[in-house]
Amino acid sequence: MMGLLAYKGGIAKRLLVACSVLLPVLVFSLTFDVAYGERNISFLNVVRIGLASFPMVPDWFAERVPELDRTIVQDIRMPRALLAVLVGSMLAMAGTALQGLLLNPLADPYTVGVSSGAALGAGIATLVGLQTVAGGYGVPVVSFVFAAAAMLLVYALARSSGRVSIHSFLLAGIVVGSFLWALLSFILALAAGDPAEAQAKIIAWLLGSFDAPDPWGYVRVAFPFALFGLAVLSGFARDLNLFSTGEESAQHLGVEAENLKAIIISISSLVTAVAVSTSGIIGFVGLVVPHICRKIFGSDHRVLILSAALAGGTLTVLADLASRAILPPSGLPVGVVTAMLGAPFFLYLLRTSKP
């Protein structure tokens with residue numbers, strides 16, 4: 001049984017319904033996340049500061065807001081919250097596309113080995129002391145390079161006789177991921193005696209956080225990738241719908257299966273690599289969110305990809321809020337919160353889903 005909102009109708013109408021439900025929730029969650037903290041800021045002041053950031057809004061709109069509140073919102077909380085939205089959106093849309101392509105409800109962005117590659121890159125970069133290189137971008141850049149290399153390795157291993165087998169791709173992702181995690185364990189062992197506490201820094205990165213050294217810079221880096229990923233994956237949503245009927249059936253209906261695999265895998269891995277390299281490991285978002293949206297809005301990828309992106313952004317913002325509420329002021333690692341929320345919910349989905 002489809003969700004209540006997954007009714008028949010034109011694609012534009014269903015997209016409008018999804019956006020009208022999810023956008024207000026996302027905006028409210030974002031505002032609440034920015035307002036809450038060691039120094040609470042009123043919703044009205046958060047809205048004033050946010051609107052005053054636009055060039056067409058006059059400066060007097062937020063002139064009554066205390067200067068300290070403006071500094072906290074503009075320089076600390078707002079970029080952190082926006083980064084959370086972007087990371088959650090990228091992981092959720094990638095998970096949605098990969099589940100549709102691999103025809104496996106347990107597939108998620110980390111299946112392709114991207115997270116293990118990113119983690120290994122971050123571990124090596126931290127061990128050799130690249131945290132302060134390139135204005136604080138040393139670790140994310142190395143992490144991204146290793147993530148992309150891991151994806152290419154998995155794709156090359158799964159490709160045979162000019163085609164990529166879905167089953168081989170999943171197995172290759174698991175094997176490569178396990179091997180890279182083993183290498184990371186070796187890096188952690190090497191870092192155990194490091195006087196700069198490299199091991200603790202690597203573990204903190206692995207647990208996930210939106211505390212970027214250059215918050216607005218990270219947002220500016222992640223935003224175009226998130227927008228590009230959403231545009232491309234949405235553009236191939238119809239092909240994913242056809243592919244869900246089976247690879248052979250999709251080919252008979254005009255889908256170029258190998259091109260579709262290459263594009264979906266590449267774009268999903270790209271946005272996942274960007275998300276992981278900027279925030280660390282944020283688990284379960286790309287696995288659980290597509291299931292939730294599928295139950296509410298149906299399985300049409302033309303609606304599902306956008307709705308998953310909005311819901312994924314909302315989930316990570318709420319996880320960031322929960323992390324700071326549970327353990328103020330620094331907060332729990334966000335990856336711990338998403339795992340605590342995601343694992344029980346996913347078990348519930350498994351128990352309640354029809355075989």
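Some observations on this one:
- Single match in Asp214, Asp239 (criterion: crowded, with 19+ Cβ neighbours inside 10 Å, of a type in the set (Asp, Glu) and over 23 Å from Phe284 (Cα atoms)): Asp239
- Residue pairs meeting the criteria (Cβ under 7 Å; at least 6 apart or on separate chains; first closer than 11 Å to Phe169 by Cβ, in region 145-156; second assigned to a helix (DSSP H, G or I) and among the polar types (S, T, N, Q)): Met151/Ser269
- Checking Gly342, Gly331, Gly246 one by one, the residue that is over 16 Å from Met93 (Cβ atoms), touching a Gly at 6+ places or on another chain (Cβ under 7 Å) and surrounded by fewer than 24 Cβ atoms within 10 Å (Cβ to Cβ) is Gly342 and no other.
- When Gly342, Gly298, Gly312 are screened for being of a type outside the set (D, E, K, R) and on the phi > 0 side of the Ramachandran plot, only Gly298 passes.
- Single residue of Leu157, Leu153, Leu190 found to be over 30 Å from Val73 (Cβ atoms), surrounded by fewer than 17 Cβ atoms within 10 Å (Cβ to Cβ) and of a type in the set (A, V, I, L, M): Leu190
- Just so you know, in region 1-35 the residues that are of a type in the set (D, E, K, R) and modelled with pLDDT under 90 include one that is surrounded by the most Cβ atoms within 10 Å (Cβ to Cβ), and it is Arg14.
- Among the residues making up region 103-131, a single one is among the polar types (S, T, N, Q), at pLDDT below 85 and within 16 Å of the chain's Cα centre (by Cα): Thr111.
- Unique match (being in a helix (DSSP H, G or I) and out of contact with any helix residue (DSSP H, G or I) (no Cβ under 7 Å at 6 or more places or on another chain)) among Ala148, Ala156: Ala156
- Scan of region 324-351 for residues that are among the aromatic types (Phe, Trp, Tyr) and over 17 Å from Thr314 (Cα atoms), ordered by number: Phe346, Tyr348
- The set of residues from region 62-118 being free of Cβ contacts under 8 Å to residues at least 24 places away in the same chain, in a helix (DSSP H, G or I) and touching a Lys or Arg at 6+ places or on another chain (Cβ under 7 Å) comprises just one member, Ala62.
- Condition check for Leu180: touching a helix residue (DSSP H, G or I) at 6+ places or on another chain (Cβ under 6 Å), assigned to a helix (DSSP H, G or I) and in contact (Cβ under 8 Å) with a residue 60 or more places away in the chain: yes
The values are calculated or read from the model by the stated rules, or taken from the named source; none is laboratory data. Since this is a predicted model, take the numbers as computed values, not measurements. With ideal geometry, Cβ positions are generated from the backbone for all residues, glycine too; neighbour counts draw on all protein chains shown.
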